[in-house]
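Taking it in order: structure first as C-alpha coordinates, then the write-up.
The values are calculated or read from the model by the stated rules, or taken from the named source; none is laboratory data. No experiment lies behind these values; they were computed from the predicted model shown. For neighbour counting, all protein chains shown are included, and Cβ atoms are generated from backbone atoms with ideal geometry for every residue, glycine included.
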Amino acid sequence: MASNDGTPSKYFEPPNSLLHMEDRTYNGLLAIGTLATISLIFTSSLLSFVTWRMITWKSHYTSAVGRNQSVVLIYQLVLADFLQSLGFLISFHWVAERQIIGPNGACFAQGWLIQLGDVASAFFVLAIAIHTTYQVIISRSLSYRTFLYCVLGIWGLAVLLTSLAPIIGGRFVFQRAGVWCWISSDNEGLRLSLHYIWIFIVEFGSILVYATGFYYLFRVKRSDKIIVPARSAETMRKARTAMLAYAMVYTILSLPLAAGRMASMSNNQLSDEYYLFAGALFTCSGWVDTVLYTFTRRALLFDELNVYGRRTGAHVESGNHNKEPGFQRQSSTDSILANNGFGSIGGIKMERTVKVELDDFDSSASNGGRVTREYYATAEAFKP
(Lines give C-alpha, C1' and ligand atoms only; values in the text may rest on other atoms or scores of the structure.)
Protein backbone atom coordinates (compact mmCIF):
# COMPACT_ATOMS: atom_id res chain seq x y z
CA MET A 1 0.00 0.00 0.00
CA ALA A 2 2.72 2.41 -0.93
CA SER A 3 3.39 4.48 -4.01
CA ASN A 4 6.59 4.28 -6.03
CA ASP A 5 8.18 7.12 -4.05
CA GLY A 6 7.47 5.41 -0.73
CA THR A 7 4.53 7.62 0.20
CA PRO A 8 1.74 5.63 1.88
CA SER A 9 -1.23 5.07 -0.42
CA LYS A 10 -4.90 4.79 0.47
CA TYR A 11 -5.48 1.76 -1.75
CA PHE A 12 -3.83 -1.41 -2.96
CA GLU A 13 -1.94 -1.32 -6.22
CA PRO A 14 -3.27 -3.13 -9.33
CA PRO A 15 -4.46 -5.80 -9.84
CA ASN A 16 -6.15 -5.44 -6.45
CA SER A 17 -7.44 -2.04 -7.55
CA LEU A 18 -8.64 -0.66 -10.87
CA LEU A 19 -7.38 2.89 -11.23
CA HIS A 20 -8.49 3.69 -14.77
CA MET A 21 -11.85 2.30 -15.86
CA GLU A 22 -12.40 1.71 -19.56
CA ASP A 23 -15.67 2.63 -21.23
CA ARG A 24 -16.72 -1.01 -21.69
CA THR A 25 -16.22 -1.68 -17.97
CA TYR A 26 -18.05 1.53 -17.15
CA ASN A 27 -21.02 0.54 -19.31
CA GLY A 28 -21.02 -3.01 -17.96
CA LEU A 29 -21.06 -1.85 -14.35
CA LEU A 30 -23.81 0.60 -15.21
CA ALA A 31 -25.88 -2.30 -16.54
CA ILE A 32 -25.17 -4.38 -13.42
CA GLY A 33 -26.17 -1.48 -11.17
CA THR A 34 -29.39 -0.98 -13.14
CA LEU A 35 -30.32 -4.66 -12.92
CA ALA A 36 -29.47 -4.61 -9.21
CA THR A 37 -31.85 -1.67 -8.77
CA ILE A 38 -34.63 -3.58 -10.53
CA SER A 39 -34.00 -6.65 -8.37
CA LEU A 40 -33.93 -4.49 -5.25
CA ILE A 41 -37.30 -2.94 -6.10
CA PHE A 42 -38.88 -6.29 -6.93
CA THR A 43 -37.56 -8.15 -3.90
CA SER A 44 -38.31 -5.35 -1.42
CA SER A 45 -41.85 -5.08 -2.79
CA LEU A 46 -42.45 -8.82 -2.45
CA LEU A 47 -40.92 -8.93 1.03
CA SER A 48 -43.11 -6.02 2.11
CA PHE A 49 -46.24 -7.65 0.67
CA VAL A 50 -45.63 -11.07 2.23
CA THR A 51 -44.63 -9.51 5.55
CA TRP A 52 -47.84 -7.48 5.58
CA ARG A 53 -49.89 -10.59 4.82
CA MET A 54 -48.12 -12.44 7.62
CA ILE A 55 -49.07 -9.67 10.04
CA THR A 56 -52.67 -9.25 8.84
CA TRP A 57 -53.36 -12.87 7.91
CA LYS A 58 -56.61 -12.94 9.91
CA SER A 59 -58.12 -10.49 7.43
CA HIS A 60 -57.28 -12.67 4.42
CA TYR A 61 -56.83 -16.29 5.48
CA THR A 62 -58.06 -18.78 8.03
CA SER A 63 -54.57 -19.76 9.21
CA ALA A 64 -51.28 -17.93 9.61
CA VAL A 65 -49.35 -17.46 6.38
CA GLY A 66 -46.15 -17.56 8.40
CA ARG A 67 -46.79 -21.23 9.15
CA ASN A 68 -46.84 -22.16 5.48
CA GLN A 69 -43.40 -23.71 5.08
CA SER A 70 -43.16 -23.21 1.31
CA VAL A 71 -43.93 -19.52 1.63
CA VAL A 72 -41.41 -19.12 4.45
CA LEU A 73 -38.64 -20.81 2.45
CA ILE A 74 -39.26 -18.66 -0.61
CA TYR A 75 -39.42 -15.59 1.64
CA GLN A 76 -35.90 -16.43 2.86
CA LEU A 77 -34.69 -16.95 -0.71
CA VAL A 78 -36.01 -13.56 -1.77
CA LEU A 79 -34.43 -11.99 1.33
CA ALA A 80 -31.06 -13.44 0.28
CA ASP A 81 -31.61 -12.05 -3.23
CA PHE A 82 -32.33 -8.68 -1.64
CA LEU A 83 -28.96 -8.70 0.16
CA GLN A 84 -27.18 -9.71 -3.02
CA SER A 85 -28.88 -6.85 -4.90
CA LEU A 86 -27.67 -4.41 -2.26
CA GLY A 87 -24.13 -5.61 -2.87
CA PHE A 88 -24.30 -5.18 -6.63
CA LEU A 89 -25.97 -1.80 -6.18
CA ILE A 90 -22.58 -0.52 -4.99
CA SER A 91 -21.49 -0.83 -8.63
CA PHE A 92 -22.93 2.66 -9.05
CA HIS A 93 -20.26 3.88 -6.62
CA TRP A 94 -17.49 2.52 -8.85
CA VAL A 95 -19.21 4.00 -11.89
CA ALA A 96 -19.25 7.42 -10.24
CA GLU A 97 -15.59 7.12 -9.23
CA ARG A 98 -14.52 5.58 -12.56
CA GLN A 99 -12.30 3.22 -10.56
CA ILE A 100 -12.49 0.25 -8.19
CA ILE A 101 -10.16 0.73 -5.26
CA GLY A 102 -9.75 -0.79 -1.84
CA PRO A 103 -9.55 -1.27 0.97
CA ASN A 104 -12.38 1.03 1.95
CA GLY A 105 -15.88 0.81 3.34
CA ALA A 106 -17.58 0.48 -0.03
CA CYS A 107 -15.32 -2.39 -1.10
CA PHE A 108 -15.78 -4.25 2.19
CA ALA A 109 -19.56 -3.77 2.15
CA GLN A 110 -19.86 -5.03 -1.41
CA GLY A 111 -17.72 -8.08 -0.75
CA TRP A 112 -19.62 -8.92 2.44
CA LEU A 113 -23.11 -8.50 0.93
CA ILE A 114 -22.34 -10.43 -2.24
CA GLN A 115 -20.78 -13.30 -0.30
CA LEU A 116 -23.66 -13.47 2.18
CA GLY A 117 -26.35 -13.15 -0.48
CA ASP A 118 -24.73 -15.75 -2.74
CA VAL A 119 -24.33 -18.52 -0.18
CA ALA A 120 -27.67 -17.83 1.54
CA SER A 121 -29.63 -17.94 -1.72
CA ALA A 122 -27.82 -21.14 -2.68
CA PHE A 123 -28.69 -22.82 0.62
CA PHE A 124 -32.36 -21.89 0.41
CA VAL A 125 -32.61 -23.16 -3.17
CA LEU A 126 -31.35 -26.51 -1.91
CA ALA A 127 -33.66 -26.31 1.12
CA ILE A 128 -36.67 -25.80 -1.17
CA ALA A 129 -35.63 -28.84 -3.22
CA ILE A 130 -35.19 -31.06 -0.15
CA HIS A 131 -38.41 -29.81 1.45
CA THR A 132 -40.47 -30.51 -1.67
CA THR A 133 -39.00 -33.95 -2.30
CA TYR A 134 -39.37 -34.87 1.37
CA GLN A 135 -43.09 -34.16 1.21
CA VAL A 136 -43.49 -36.06 -2.05
CA ILE A 137 -41.71 -39.20 -0.85
CA ILE A 138 -42.46 -39.23 2.88
CA SER A 139 -45.87 -37.53 2.59
CA ARG A 140 -45.16 -35.56 5.75
CA SER A 141 -43.94 -32.13 6.73
CA LEU A 142 -41.46 -31.17 9.41
CA SER A 143 -42.84 -29.95 12.68
CA TYR A 144 -42.97 -26.18 12.72
CA ARG A 145 -40.38 -25.90 15.48
CA THR A 146 -37.95 -28.18 13.64
CA PHE A 147 -38.58 -26.23 10.46
CA LEU A 148 -37.73 -22.92 12.15
CA TYR A 149 -34.55 -24.40 13.59
CA CYS A 150 -33.55 -25.45 10.07
CA VAL A 151 -34.18 -21.95 8.71
CA LEU A 152 -32.14 -20.36 11.50
CA GLY A 153 -29.41 -22.94 10.95
CA ILE A 154 -29.19 -22.06 7.26
CA TRP A 155 -28.82 -18.36 8.02
CA GLY A 156 -26.28 -19.18 10.72
CA LEU A 157 -24.19 -21.19 8.27
CA ALA A 158 -24.39 -18.43 5.63
CA VAL A 159 -23.28 -15.78 8.14
CA LEU A 160 -20.50 -18.06 9.39
CA LEU A 161 -19.11 -18.65 5.89
CA THR A 162 -19.20 -14.90 5.27
CA SER A 163 -17.62 -13.99 8.61
CA LEU A 164 -14.81 -16.51 8.20
CA ALA A 165 -13.49 -14.56 5.20
CA PRO A 166 -12.27 -11.51 7.20
CA ILE A 167 -11.54 -13.65 10.27
CA ILE A 168 -9.13 -15.89 8.36
CA GLY A 169 -8.06 -13.58 5.54
CA GLY A 170 -7.83 -10.38 7.54
CA ARG A 171 -9.71 -7.11 7.30
CA PHE A 172 -8.39 -6.46 3.80
CA VAL A 173 -9.69 -9.75 2.39
CA PHE A 174 -12.38 -8.01 0.32
CA GLN A 175 -10.61 -6.34 -2.58
CA ARG A 176 -11.14 -5.91 -6.29
CA ALA A 177 -12.07 -9.28 -7.82
CA GLY A 178 -12.59 -8.55 -11.49
CA VAL A 179 -15.20 -5.84 -11.86
CA TRP A 180 -16.45 -5.65 -8.26
CA CYS A 181 -15.14 -6.28 -4.76
CA TRP A 182 -15.11 -9.75 -3.29
CA ILE A 183 -12.58 -12.18 -1.76
CA SER A 184 -9.25 -11.20 -3.30
CA SER A 185 -7.33 -13.40 -5.71
CA ASP A 186 -4.64 -13.76 -3.04
CA ASN A 187 -7.06 -15.96 -1.09
CA GLU A 188 -8.04 -18.62 -3.62
CA GLY A 189 -8.33 -21.19 -0.85
CA LEU A 190 -10.97 -19.10 0.90
CA ARG A 191 -12.86 -18.64 -2.36
CA LEU A 192 -13.00 -22.39 -2.82
CA SER A 193 -13.86 -23.38 0.75
CA LEU A 194 -16.26 -20.54 1.57
CA HIS A 195 -18.02 -20.15 -1.75
CA TYR A 196 -17.30 -22.27 -4.83
CA ILE A 197 -17.70 -25.68 -3.28
CA TRP A 198 -21.05 -24.74 -1.74
CA ILE A 199 -22.39 -23.26 -4.96
CA PHE A 200 -21.61 -26.41 -6.94
CA ILE A 201 -23.04 -28.61 -4.20
CA VAL A 202 -26.30 -26.68 -4.43
CA GLU A 203 -26.43 -26.59 -8.22
CA PHE A 204 -25.91 -30.31 -8.71
CA GLY A 205 -27.48 -31.35 -5.41
CA SER A 206 -30.78 -29.62 -6.21
CA ILE A 207 -31.05 -31.35 -9.57
CA LEU A 208 -30.25 -34.70 -7.95
CA VAL A 209 -32.83 -34.18 -5.21
CA TYR A 210 -35.56 -33.23 -7.67
CA ALA A 211 -34.63 -36.13 -9.95
CA THR A 212 -35.08 -38.47 -6.99
CA GLY A 213 -38.53 -37.06 -6.32
CA PHE A 214 -39.61 -37.31 -9.95
CA TYR A 215 -38.27 -40.84 -10.20
CA TYR A 216 -40.24 -41.83 -7.14
CA LEU A 217 -43.43 -40.38 -8.55
CA PHE A 218 -43.27 -41.62 -12.11
CA ARG A 219 -40.97 -44.66 -12.24
CA VAL A 220 -41.14 -46.68 -9.06
CA LYS A 221 -43.61 -49.58 -9.22
CA ARG A 222 -45.89 -49.68 -6.22
CA SER A 223 -48.53 -52.09 -5.09
CA ASP A 224 -50.99 -49.31 -4.31
CA LYS A 225 -51.82 -46.50 -6.66
CA ILE A 226 -53.23 -43.07 -6.07
CA ILE A 227 -56.52 -42.59 -7.87
CA VAL A 228 -57.06 -38.89 -8.38
CA PRO A 229 -58.91 -36.85 -10.98
CA ALA A 230 -56.94 -35.70 -13.99
CA ARG A 231 -57.27 -32.06 -12.94
CA SER A 232 -55.83 -32.88 -9.51
CA ALA A 233 -52.88 -34.69 -11.05
CA GLU A 234 -52.27 -31.73 -13.33
CA THR A 235 -52.31 -29.34 -10.38
CA MET A 236 -49.78 -31.41 -8.44
CA ARG A 237 -47.59 -31.65 -11.54
CA LYS A 238 -47.62 -27.87 -11.83
CA ALA A 239 -46.70 -27.57 -8.16
CA ARG A 240 -43.68 -29.84 -8.54
CA THR A 241 -42.62 -28.04 -11.71
CA ALA A 242 -42.91 -24.67 -9.96
CA MET A 243 -40.62 -25.78 -7.16
CA LEU A 244 -38.16 -27.24 -9.67
CA ALA A 245 -38.11 -23.89 -11.48
CA TYR A 246 -36.30 -22.21 -8.57
CA ALA A 247 -33.40 -24.65 -8.80
CA MET A 248 -33.26 -24.36 -12.58
CA VAL A 249 -33.31 -20.55 -12.47
CA TYR A 250 -30.56 -20.45 -9.85
CA THR A 251 -28.37 -22.86 -11.82
CA ILE A 252 -28.81 -20.99 -15.10
CA LEU A 253 -28.11 -17.58 -13.57
CA SER A 254 -25.20 -18.56 -11.32
CA LEU A 255 -23.35 -21.20 -13.34
CA PRO A 256 -21.59 -18.80 -15.78
CA LEU A 257 -20.11 -16.76 -12.93
CA ALA A 258 -19.11 -19.80 -10.90
CA ALA A 259 -17.57 -21.45 -13.96
CA GLY A 260 -15.60 -18.30 -14.73
CA ARG A 261 -14.22 -18.14 -11.20
CA MET A 262 -13.22 -21.79 -11.32
CA ALA A 263 -11.51 -21.19 -14.66
CA SER A 264 -9.49 -18.36 -13.14
CA MET A 265 -8.28 -20.73 -10.42
CA SER A 266 -6.91 -22.93 -13.22
CA ASN A 267 -4.95 -19.96 -14.59
CA ASN A 268 -7.39 -19.55 -17.47
CA GLN A 269 -8.01 -15.83 -17.32
CA LEU A 270 -11.28 -14.71 -18.87
CA SER A 271 -12.00 -11.21 -20.11
CA ASP A 272 -13.74 -8.55 -18.06
CA GLU A 273 -16.56 -8.66 -20.61
CA TYR A 274 -17.28 -12.25 -19.61
CA TYR A 275 -17.49 -11.34 -15.92
CA LEU A 276 -19.64 -8.31 -16.69
CA PHE A 277 -22.08 -10.53 -18.58
CA ALA A 278 -22.02 -13.25 -15.91
CA GLY A 279 -22.44 -10.67 -13.15
CA ALA A 280 -25.36 -9.01 -14.93
CA LEU A 281 -26.99 -12.42 -15.37
CA PHE A 282 -26.54 -13.31 -11.70
CA THR A 283 -27.86 -9.91 -10.61
CA CYS A 284 -31.16 -10.83 -12.26
CA SER A 285 -31.79 -13.48 -9.58
CA GLY A 286 -33.83 -11.12 -7.42
CA TRP A 287 -36.37 -9.94 -9.95
CA VAL A 288 -36.55 -13.33 -11.70
CA ASP A 289 -37.35 -15.13 -8.42
CA THR A 290 -39.95 -12.48 -7.62
CA VAL A 291 -41.66 -12.84 -10.99
CA LEU A 292 -41.48 -16.62 -10.67
CA TYR A 293 -43.20 -16.46 -7.29
CA THR A 294 -45.89 -14.17 -8.66
CA PHE A 295 -46.80 -16.60 -11.44
CA THR A 296 -46.49 -19.80 -9.40
CA ARG A 297 -47.81 -18.64 -6.03
CA ARG A 298 -50.88 -20.84 -6.10
CA ALA A 299 -49.02 -23.93 -7.21
CA LEU A 300 -46.29 -23.36 -4.64
CA LEU A 301 -48.85 -23.65 -1.88
CA PHE A 302 -49.21 -27.28 -2.87
CA ASP A 303 -47.14 -28.35 0.10
CA GLU A 304 -49.87 -27.24 2.44
CA LEU A 305 -51.90 -30.20 1.30
CA ASN A 306 -52.61 -31.85 4.61
CA VAL A 307 -50.04 -34.60 5.18
CA TYR A 308 -50.58 -35.28 8.84
CA GLY A 309 -53.40 -37.82 8.54
CA ARG A 310 -56.11 -35.55 9.98
CA ARG A 311 -59.49 -35.21 8.34
CA THR A 312 -60.00 -31.49 7.99
CA GLY A 313 -62.07 -29.40 5.67
CA ALA A 314 -64.89 -26.98 5.10
CA HIS A 315 -68.35 -27.68 3.83
CA VAL A 316 -69.63 -25.16 1.31
CA GLU A 317 -73.26 -25.30 0.29
CA SER A 318 -75.22 -22.67 -1.64
CA GLY A 319 -72.38 -20.20 -1.23
CA ASN A 320 -72.34 -20.45 2.59
CA HIS A 321 -69.57 -22.02 4.65
CA ASN A 322 -71.03 -24.40 7.23
CA LYS A 323 -68.80 -26.55 9.38
CA GLU A 324 -69.71 -30.23 9.54
CA PRO A 325 -68.79 -32.58 12.37
CA GLY A 326 -65.22 -33.63 11.99
CA PHE A 327 -64.42 -30.92 9.48
CA GLN A 328 -62.62 -27.66 10.20
CA ARG A 329 -61.32 -25.22 7.70
CA GLN A 330 -57.76 -24.55 8.81
CA SER A 331 -55.70 -23.97 5.69
CA SER A 332 -54.84 -20.57 4.29
CA THR A 333 -54.84 -22.17 0.84
CA ASP A 334 -58.26 -23.81 0.72
CA SER A 335 -59.68 -21.36 -1.77
CA ILE A 336 -56.53 -21.64 -3.85
CA LEU A 337 -56.88 -25.42 -3.98
CA ALA A 338 -60.49 -25.07 -5.03
CA ASN A 339 -59.59 -22.75 -7.87
CA ASN A 340 -56.87 -25.12 -9.00
CA GLY A 341 -59.25 -28.00 -9.50
CA PHE A 342 -58.87 -30.49 -6.69
CA GLY A 343 -62.24 -32.00 -7.38
CA SER A 344 -63.93 -35.21 -8.42
CA ILE A 345 -67.31 -36.88 -8.47
CA GLY A 346 -67.90 -39.73 -6.07
CA GLY A 347 -65.28 -41.24 -3.87
CA ILE A 348 -61.51 -41.41 -3.99
CA LYS A 349 -59.02 -44.06 -3.07
CA MET A 350 -55.53 -42.98 -2.02
CA GLU A 351 -52.51 -44.58 -0.44
CA ARG A 352 -51.41 -41.50 1.41
CA THR A 353 -53.00 -38.41 2.80
CA VAL A 354 -53.86 -35.56 0.46
CA LYS A 355 -56.30 -32.71 0.47
CA VAL A 356 -58.98 -32.81 -2.22
CA GLU A 357 -62.26 -31.18 -3.20
CA LEU A 358 -65.28 -33.46 -3.70
CA ASP A 359 -68.64 -33.01 -5.34
CA ASP A 360 -71.05 -35.41 -3.66
CA PHE A 361 -74.75 -35.96 -3.06
CA ASP A 362 -76.55 -35.80 0.25
CA SER A 363 -78.09 -39.21 0.80
CA SER A 364 -79.39 -38.15 4.21
CA ALA A 365 -81.26 -35.10 3.02
CA SER A 366 -84.94 -35.03 3.96
CA ASN A 367 -86.06 -34.70 0.35
CA GLY A 368 -83.55 -37.31 -0.83
CA GLY A 369 -82.46 -34.89 -3.55
CA ARG A 370 -78.99 -34.38 -4.92
CA VAL A 371 -77.05 -31.36 -3.71
CA THR A 372 -73.70 -30.02 -4.75
CA ARG A 373 -71.09 -29.72 -2.03
CA GLU A 374 -67.47 -28.81 -1.87
CA TYR A 375 -65.19 -30.43 0.71
CA TYR A 376 -61.72 -29.58 1.73
CA ALA A 377 -60.61 -32.79 3.34
CA THR A 378 -57.92 -35.36 3.67
CA ALA A 379 -58.42 -39.06 3.25
CA GLU A 380 -56.17 -42.04 3.74
CA ALA A 381 -56.10 -44.81 1.18
CA PHE A 382 -57.26 -48.24 1.99
CA LYS A 383 -57.18 -51.56 0.26
CA PRO A 384 -60.60 -53.10 -0.37
Fill in the blank from the handout: residue 101 meets each of (1) within 27 Å of residue 197 (Cβ to Cβ); (2) crowded, with 21+ Cβ neighbours inside 10 Å with one exception, condition (1)
Practice task
Return the only residue of 178, 117, 205 being outside any helix (DSSP H, G or I) and either closer than 16 Å to residue 258 by Cβ or among the hydroxyl-bearing types (Ser, Thr, Tyr) (or both).
Solution key: 178
Practice task
Scan 177, 158, 129 and give me the residue that is surrounded by 22 or more Cβ atoms within 10 Å (Cβ to Cβ) and at pLDDT 95 or above.
Solution key: 158
Handout entry: Flag if residue 117 is without any contact (Cβ under 8 Å) to a residue 40 or more places away in the chain and within 16 Å of the chain's Cα centre (by Cα)
Key = yes
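Residue-wise test of (1) touching a Cys at 6+ places or on another chain (Cβ under 6 Å); (2) at pLDDT 90 or above; (3) of a type outside the set (A, V, I, L, M).
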residue: 6; (1), (2), (3): no, no, yes
residue: 27; (1), (2), (3): no, yes, yes
residue: 32; (1), (2), (3): no, yes, no
residue: 38; (1), (2), (3): no, yes, no
residue: 83; (1), (2), (3): no, yes, no
Fill in the blank from the handout: Counting only residues that are among the small types (Gly, Ala, Ser) and surrounded by 15 or more Cβ atoms within 10 Å (Cβ to Cβ), the stretch 136-155 contains a total of 2
Problem - residue 61 being under 27 Å from residue 151 (Cα atoms) and either at pLDDT 90 or above or in a loop (DSSP other than H, G, I, E, B) (or both) - result: yes
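Restricting attention to the stretch 162-175, does a residue exist that is touching a residue at least 60 places away in the same chain (Cβ under 8 Å), in the same structural domain as residue 84 (by TED's automatic domain parsing) and within 25 Å of the chain's Cα centre (by Cα)?
To start, the set of residues in the stretch 162-175 that are touching a residue at least 60 places away in the same chain (Cβ under 8 Å) comprises 171-175.
Remaining after also requiring in the same structural domain as residue 84 (by TED's automatic domain parsing): 171-175.
From the residues that got through so far, the ones that are within 25 Å of the chain's Cα centre (by Cα) too are none.
No, the conditions are met nowhere in the stretch 162-175.
Let's see how each residue does on (1) at pLDDT 80 or above; (2) within 15 Å of residue 46 (Cβ to Cβ); (3) not β-branched (Val, Ile, Thr):
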residue	(1), (2), (3)
264	no, no, yes
270	no, no, yes
274	yes, no, yes
277	yes, no, yes
282	yes, no, yes
294	yes, yes, no
300	no, yes, yes
Handout entry: Residue check, residue 212 surrounded by 22 or more Cβ atoms within 10 Å (Cβ to Cβ), β-branched (Val, Ile, Thr) and in contact (Cβ under 8 Å) with a residue 12 or more places away in the chain
Key = no
Practice task
Taking the residues in the stretch 141-155 that are part of a helix (DSSP H, G or I) and among the hydroxyl-bearing types (Ser, Thr, Tyr) as candidates, determine which candidate is modelled with the lowest pLDDT.
Solution key: 144
Completion exercise
Scanning the stretch 37-61 for residues that are more than 30 Å from residue 280 (Cα to Cα) and of a type outside the set (Lys, Arg) gives 52, 54, 55, 56, 57, 59, 60, 61
